[in-house]
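Q: A single structure is presented below for examination.
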Amino acid sequence: MLFYIHVYLIRLRIPVARIGTMKQLILHHHDPSPFAEKIRLVFGLKDLEWSSVQVPMVMPKPDLTALTGGYRKAPVLQIGADVFCDTSLIARELEARFPAPSLFPAGQTGLGYALSRWSDKAFFEPGAGLSMGENTDIPQAVLDDRSKFFNFMDFRTMESQMPHCYAQFQAQCQLLEDELNGIETAYLTGETPSWIDIQAYFPVWMANANIPRAVELMAPFPAIKAWSERMEAFGRGRRAELESRHALAIAAVSEPETGSGVEENPFHDFESGDDVVVVPDDYGFDPVQGRLHTLNARKIAVERNDTKLGDTVVHFPRVGYRVDAA
Ligand SMILES: N[C@@H](CCC(=O)N[C@@H](CS)C(=O)NCC(=O)O)C(=O)O
């Protein structure tokens with residue numbers, strides 16, 4: 001195996017010294033991605049050092065899917081040969097590895113993770129509709145890719161849906177504005193920012209970055225404006241750029257960490273090592289096949305073996321992901 005890794009590194013012309021520490025945090029993302037902004041905010045909140053690999057905004061994404069086994073969404077966090085998919089699992093992993101300062105200064109971890117079904121859907125989706133429907137300069141390749149990917153939008157009737165998207169986005173902003181007006185602290189759960197703030201903020205960030213009429217859209221919400229300025233102030237951690245081939249080389253020379261196994265449960269009959277397929281249950285149904293490594297109510301992980309990358313483990317949250325026998 002080691003022989004092949006060396007051949008691979010030589011083929012990529014990567015001196016081993018440039019590979020850096022195998023435990024570095026590598027975020028595969030693209031800068032305009034609002035979901036990736038959640039994780040960049042976590043890096044800021046925890047003041048972490050991280051490496052940024054830019055992935056294409058549309059398929060194909062050969063380096064990313066080689067690493068994940070098929071999952072194509074942004075962002076993905078790589079630590080050595082472990083690959084973490086989906087922002088809620090990435091947040092959980094970063095919180096476990098770097099507990100201070102906490103993403104949950106007031107506790108409320110269950111509420112915090114539960115909220116992703118609010119902001120990733122009810123708040124994000126009308127914002128994504130406005131980003132897609134109100135920008136006239138989106139490249140055709142992005143429109144074609146997203147019209148297949150975002151199954152919650154009908155790209156053929158986009159124009160007529162804009163009033164509803166504005167109404168829904170503002171209705172969600174109103175909930176947040178009311179919440180901010182009802183508290184006396186700088187952030188939603190206290191004087192320091194939390195995952196709950198990040199969940200609530202990322203659609204606002206998306207609106208400001210991508211929706212042409214953002215100023216008018218956000219005008220009725222002064223409390224959100226003041227809180228957004230505080231959210232911007234803690235930065236995005238310490239970032240360095242990395243080429244994706246270097247990230248793949250790091251996976252190739254790393255061993256995945258061992259997981260926690262398959263928990264017995266009367267509602268499934270999976271065992272460790274079963275050949276399974278993992279797929280998101282909302283949109284972007286790209287399957288990842290592998291041998292089951294971890295399964296419990298928080299997490300799913302599968303082991304994969306790739307001729308170039310060797311052994312990797314790809315991790316998903318349990319919420320929102322299906323596991324089926326392959
Ligand atoms: N549930 C996922 C959703 C991620 C997601 O939908 N990301 C968008 C980018 S903001 C995406 O992947 N878009 C298509 C792409 O970038 O290829 C998560 O929390 O990470």
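Q: Name the pairs: first residue in the stretch 49-72 and closer than 27 Å to Arg238 by Cβ and touching a residue at least 60 places away in the same chain (Cβ under 8 Å), second residue within 13 Å of the ligand (Cβ to nearest atom) and among the charged types (D, E, K, R), Cβ to Cβ under 7 Å, at least 6 apart or on different chains?
A: Pairs that qualify, where the first residue is closer than 27 Å to Arg238 by Cβ and touching a residue at least 60 places away in the same chain (Cβ under 8 Å) and the partner is within 13 Å of the ligand (Cβ to nearest atom) and among the charged types (D, E, K, R), are Val55/Lys61; Leu64/Arg72; Tyr71/Asp286.
Q: Which of the residues belonging to the stretch 20-48 are within 16 Å of the ligand (Cβ to nearest atom), in contact (Cβ under 8 Å) with a residue 40 or more places away in the chain and surrounded by fewer than 17 Cβ atoms within 10 Å (Cβ to Cβ)?
A: Matches in the stretch 20-48: His30, Pro32.
Q: Cβ-Cβ below 7 Å, separation at least six or inter-chain, first residue in the stretch 83-95 and among the polar types (S, T, N, Q), second within 12 Å of the ligand (Cβ to nearest atom) and modelled with pLDDT under 95: which pairs?
A: Ser88/Ser116
Q: Does Leu130 satisfy the condition of being out of contact with any strand residue (DSSP E or B) (no Cβ under 6 Å at 6 or more places or on another chain), over 18 Å from Ser260 (Cβ atoms), within 15 Å of the ligand (Cβ to nearest atom) and aliphatic (A, V, I, L, M)? Explain how you work it out, then say what you get.
A: Values: out of contact with any strand residue (DSSP E or B) (no Cβ under 6 Å at 6 or more places or on another chain): yes; over 18 Å from Ser260 (Cβ atoms): yes; within 15 Å of the ligand (Cβ to nearest atom): yes; aliphatic (A, V, I, L, M): yes.
For Leu130, the condition - out of contact with any strand residue (DSSP E or B) (no Cβ under 6 Å at 6 or more places or on another chain), over 18 Å from Ser260 (Cβ atoms), within 15 Å of the ligand (Cβ to nearest atom) and aliphatic (A, V, I, L, M) - is met.
Q: Among the helices (runs of 4 or more DSSP H) contained in the stretch 88-171, which hold 2 or more residues that are over 30 Å from Ala297 (Cβ atoms)?
A: Where helices (runs of 4 or more DSSP H) fall fully within the stretch 88-171 and carry at least 2 residues being over 30 Å from Ala297 (Cβ atoms), they are 124-134, 140-149.
Q: Continuing with the same structure: Regarding Arg92, is this residue charged (D, E, K, R) and touching an Asp or Glu at 6+ places or on another chain (Cβ under 7 Å)?
A: In short, no.
Q: So, Pro280, is that one within 16 Å of the ligand (Cβ to nearest atom), touching a strand residue (DSSP E or B) at 6+ places or on another chain (Cβ under 8 Å) and farther than 23 Å from Phe43 by Cα or not?
A: Details: within 16 Å of the ligand (Cβ to nearest atom): yes; touching a strand residue (DSSP E or B) at 6+ places or on another chain (Cβ under 8 Å): yes; farther than 23 Å from Phe43 by Cα: yes.
Considered against the rule, which asks whether it is within 16 Å of the ligand (Cβ to nearest atom), touching a strand residue (DSSP E or B) at 6+ places or on another chain (Cβ under 8 Å) and farther than 23 Å from Phe43 by Cα, Pro280 comes out as yes.
Q: Quick one: Phe98 ticks every box in (1) surrounded by 15 or more Cβ atoms within 10 Å (Cβ to Cβ); (2) farther than 19 Å from Pro212 by Cβ; (3) within 14 Å of the ligand (Cβ to nearest atom) bar one, so which box is it?
A: Only one criterion in (1) surrounded by 15 or more Cβ atoms within 10 Å (Cβ to Cβ); (2) farther than 19 Å from Pro212 by Cβ; (3) within 14 Å of the ligand (Cβ to nearest atom) is unmet by Phe98, namely (3).
Q: Here are the criteria: (1) touching a Ser or Thr at 6+ places or on another chain (Cβ under 9 Å); (2) crowded, with 20+ Cβ neighbours inside 10 Å; (3) part of a loop (DSSP other than H, G, I, E, B). Tell me which single one Pro193 does not satisfy.
A: Unmet condition: (1).
Q: Considering each of Ser260, Ser254 in turn, give the residue that is surrounded by fewer than 19 Cβ atoms within 10 Å (Cβ to Cβ) and touching a residue at least 12 places away in the same chain (Cβ under 8 Å).
A: Ser260
Q: In addition: Go through (1) more than 26 Å from Gln54 (Cα to Cα); (2) within 16 Å of the ligand (Cβ to nearest atom); (3) surrounded by fewer than 16 Cβ atoms within 10 Å (Cβ to Cβ) for Ala226 and report which single condition fails.
A: The one condition Ala226 does not meet is (2).
Q: Could you figure out which of (1) within 11 Å of the ligand (Cβ to nearest atom); (2) within 30 Å of Tyr166 (Cα to Cα); (3) surrounded by fewer than 23 Cβ atoms within 10 Å (Cβ to Cβ) isn't true of Leu115?
A: Tallying (1) within 11 Å of the ligand (Cβ to nearest atom); (2) within 30 Å of Tyr166 (Cα to Cα); (3) surrounded by fewer than 23 Cβ atoms within 10 Å (Cβ to Cβ), Leu115 fails exactly one: (1).
Q: Taking only the stretch 288-302 into account, find how many residues are surrounded by fewer than 22 Cβ atoms within 10 Å (Cβ to Cβ) and either over 28 Å from Arg245 (Cβ atoms) or under 20 Å from the mean Cα position of the chain (by Cα) (or both).
A: So the answer is 6.
The values are calculated or read from the model by the stated rules, or taken from the named source; none is laboratory data. No experiment lies behind these values; they were computed from the predicted model shown. All Cβ positions, glycine included, derive from the backbone under ideal geometry; neighbour counts span all protein chains shown.
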